[in-house]
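Inspection log for the structure reproduced underneath, given as C-alpha cells.
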Amino acid sequence: MEFTQLVENVFLFKDYVNVYVVKDADRAILIDFGSGKILNYLSEIGVHEVDYIFHTHYHRDQCFGDSIAVQKKIKIAAPHSERKLFTKAEDFWKTKSYYDIYSLKPTYFVSPFNIPLERAFKNEDEFEWSPYKFKIIDTRGHTARSVSYLLEHETGKIAFTGDLIHSGGKVINYYDLEYSYMGDGGNFGINFTLNSFEKLLKFNPVVLLPSHGDIIKDPSKEVEILKEKFNRVSKAFRHDKIVPTSMDHENAMDLVNQIEENEDKTLFPHLIRKGFGTTFILLGNNNNCILLDFPGDGYFFAYSYEQLAKILKEKEVETIDFVIPTHYHDDHIGGIPLLQQEHKIPVYALENMVDVLENPTHYRIGCLIDTPIKVDRVLRDGEKFTWDEYEFQVFHFPGQTEYHMGLFTTIDGKSVFFTGDSIPPFILNAPETNNNCINFCQLGEDVGSVKCADILLDCNPDYIAISHYGFFKVDKEILQSYRDHVSQYESIIADLVAQENPNMGFDPNWISFKPVRIISKPGGTCKTSLVVKNFLEKESSIEVELNLPDNWTSDVKKDMFTVKPKSVKEIPMAIKIPETENPKGRTIITANIQWNGKDIGPFPDLMVDHGFIPSDTWTAWTPYKGTDLLQWIINYYVRDLQFFT
Ligand SMILES: [Fe+2]
C-alpha cells in the first residue's frame, strides 16, 4: 500500500516530497505533486479523477511531475506571487544570471519548464470544493511567497504547510532562509517564518502536514521548539544590520567616510587603503609595490585604475610587481583582468582559487565575474615566499567562502594578517559574521570559520587587516573568543536542519554540476561532471539519473556510484545534443538523485546553451563600463523582484 490514511478522506503518499490527497468519492485534490507517480496509484484509494493540484511553493521537488499533470489536463494552482516561477519558469532561466549573485531569492530550485496555472491564490482566498473548503494563508519563510492550505475537516482544521516547518521542530535547510547577501544571516527567512507561525496558529490547526518529514500532531509544541532554535541562531549569526536593498549612493558614501574618519593612517606607512575599498597597496623599497585585491571600481570599493595610477605616482612607485586576490569575489578582483591584460601585471593566487579564477563560467557561486584571470604563480597552502624586504606565509582561509586566502607578514615592525572577507568587521564574538550560505562555506572543526580562527591563534598577529574595514589590533584573548563563538555554528545548524549532516542544509551546491553551464550547439557533446560532497563519516551511495529531453543521450543513464567518507567525488559525463534541437535554444537538465537510498528528487541542474544568445541581464559586472558595482548589485535585487510581482 503506497498510501497512509491520516483521517477520513485525507491521505499521504510518499514521493520525494509528501504528496497529500483530499478525497471526495472518486475525485481528489492533491497538495503538491513530486514526480507525479502518485497518478499510477490513486485507484488504490478509489480516486479516478484529480480536480486540482495545489502547490505550496515553486520549488522543483514540489512540481517536477507537473508536465504529466498538464498532459492529463489536471488543473494546477499555486501562490499568486510565485505564479511567474511556474508559468514563466523558462524566462527565469533565460534572464536570471549566474554572475554577481548577491541575493539568493529566488534560488535556482525552479522548474526547468513552464507550468500553466488555472488558479493563482492570494492570501485569505477561499476555495470551496464540496463538501470541503480550503483557506489560503500566506506563510512565507522557506520561500519568499509560499502558502499553506487550511482544510476545514470534521476533525478540525488541517494545515498543509509545504516546507514552512519540518517535523521535529526543524527546517529542511538553512540556505532557503537566507534571502539577501549583505549579512542577512537568515534574518528575512526566519522573521517571515515566525510571522507565518503566528498567522497560522491563530486558526488552531489540529495538525500540520509538511512537504518533508512526518506529520506534526502537536503544532504549537513543534513551533515552540523551532522558535527556540531560531533564537540560538539569532545569538550566533543572525543580526539586524542588513544593508537595505534601497541603499543609495549617499548612504554608501556615509559608510565610506565613517571608515575613513576612524582610521589611523600612521599605523602602517607602507600600506595604503581607502574607505570601504578592498585594495591594500603594499609599498616596497625599490619604487615598487604589490596589490592585494583590485576591484577596479572607483566609486565605492576603490580604486579605479586612474585613481591607483595617481596614488602610485605620488608615492613614486614605478612598478606593480604582482597582484594577489584574497578571494574570487567581484569586489576584490573585478579590475585584475585589466591589470593583467593591459599592464602585464602578474597574478599570484592560492591553489584552490585557481580554477575559479581561470574558469569562472564553470561555477554558479556568489559574487562571481565572468572574465577569466590566468594565474601566473600558484601559491600552496602554508607556503612561504619573499618579496622586497617582506616574508609572507599563505594560508587557505575559508571563512566567507571556500575559495579564500589569508596572508601573514610583518609590515612596519608589526605582524599583520590579511583576512580578506573571512573575518567580520569590528566585533569578533558577535553575530556580524559572514555566514552567507551563498558562498558555501563549511561547518565543522578544521573547516570554515573554525579553521580561520585556529590559523589566527597559531599566527598570533598584532593586527588583522580586514578587507573593507582596515586594521584591527588583536590578541590571544580576542582571537580565542572568536574561536569559541564560531565553533558553535555546526551544532546550532545541526540541531535546526533535518539533514544527516548540517552542511547538507547549509550548502545548496553539495551536489552540483561543474561546469554548471555549457555552451554548445545542436549535434554537439557537452562534457561536465557531477560534483558530490560527502560530508558524512561513512561511505555513501549516490544514484544519478539524468532527466534528458527526447533524443538527448548520455553515457550516464541511471547509474550508482560510491563516495568515500568526508570526500568529494566528481562523476564525469558526456551529454549528446541531437542535431534536430533548436539552434537558438537553452535547455535545463536536471538529475534525479537517490542519496544513500533516499530519493531527493531533481536536485542539481545544468544549463546547456545550444545557440541561445543571452540578453544583457546575463552580463557580469565589469569595471570601466559606467556602472559601479554597488549600483549593479541594487539593479540585481530589483530584477529578482520581477518574479514575485
Ligand atoms: Fe521547498
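Sort out for me the helices (runs of 4 or more DSSP H) sitting completely within the stretch 35-143 that have 1 or more residues that are farther than 30 Å from N439 by Cα. If you could, list the steps in order and put the result at the bottom.
Details: elements: 60-63, 66-71, 84-87, 89-95.
By residue number, 66-71.
Got a sec? Which of A494, A498 is among the small types (G, A, S), buried (at least 17 other Cβ atoms within 10 Å of the Cβ) and either in contact with a Pro (Cβ under 7 Å, 6 or more places away or on another chain) or modelled with pLDDT under 95 (or both)?
Working: A498 fails: either in contact with a Pro (Cβ under 7 Å, 6 or more places away or on another chain) or modelled with pLDDT under 95 (or both).
Every option except A494 fails the conditions.
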What is the number of the single condition among (1) at pLDDT 95 or above; (2) buried (at least 22 other Cβ atoms within 10 Å of the Cβ); (3) in a loop (DSSP other than H, G, I, E, B); (4) away from the ligand (no atom under 16 Å from the Cβ) that L164 does not meet? (4)
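Restricting to strands (runs of 3 or more DSSP E) lying wholly in the stretch 430-546: which have 1 or more residues that are closer than 26 Å to N359 by Cα? Give the derivation first.
Numbers: elements: 463-466, 470-473, 511-514, 517-520, 525-534.
Passing ranges, in order: 511-514, 517-520, 525-534.
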Would you confirm whether any residue within the stretch 611-619 is in contact with a Phe, Trp or Tyr (Cβ under 7 Å, 6 or more places away or on another chain) and in contact (Cβ under 8 Å) with a residue 24 or more places away in the chain? no
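In this structure, does S220 turn out to be within 16 Å of the ligand (Cβ to nearest atom) and among the small types (G, A, S)? Spell out the reasoning first.
Details: within 16 Å of the ligand (Cβ to nearest atom): no; among the small types (G, A, S): yes.
No.
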Got at least one residue in the stretch 178-188 being over 20 Å from I29 (Cβ atoms) and either within 13 Å of the ligand (Cβ to nearest atom) or among the β-branched types (V, I, T) (or both)? no
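Table: residues versus (1) farther than 30 Å from H329 by Cβ; (2) among the acidic types (D, E); (3) within 16 Å of the ligand (Cβ to nearest atom); (4) not assigned by TED's automatic domain parsing to the domain that holds K598.
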position: K84; (1), (2), (3), (4): no, no, no, yes
position: T87; (1), (2), (3), (4): yes, no, no, yes
position: E90; (1), (2), (3), (4): no, yes, no, yes
position: S97; (1), (2), (3), (4): no, no, no, yes
Could you say whether any residue in the stretch 381-397 is over 16 Å from D293 (Cβ atoms), aliphatic (A, V, I, L, M) and over 26 Å from the mean Cα position of the chain (by Cα)? no
Of the criteria (1) within 16 Å of the ligand (Cβ to nearest atom); (2) assigned to a loop (DSSP other than H, G, I, E, B), which one N204 fails: (1)
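Restricting to the stretch 464-491, name every residue that is of a type in the set (D, E, K, R) and surrounded by fewer than 17 Cβ atoms within 10 Å (Cβ to Cβ).
So the first thing to find is which residues in the stretch 464-491 are of a type in the set (D, E, K, R), and the list is 473, 475-477, 483-484, 490.
Correct list: K473, D475, K476, E477, D484.
The values are calculated or read from the model by the stated rules, or taken from the named source; none is laboratory data. Only a predicted model underlies this, so the values are computations on that prediction, with no experimental measurement involved. All Cβ positions, glycine included, derive from the backbone under ideal geometry; neighbour counts span all protein chains shown.
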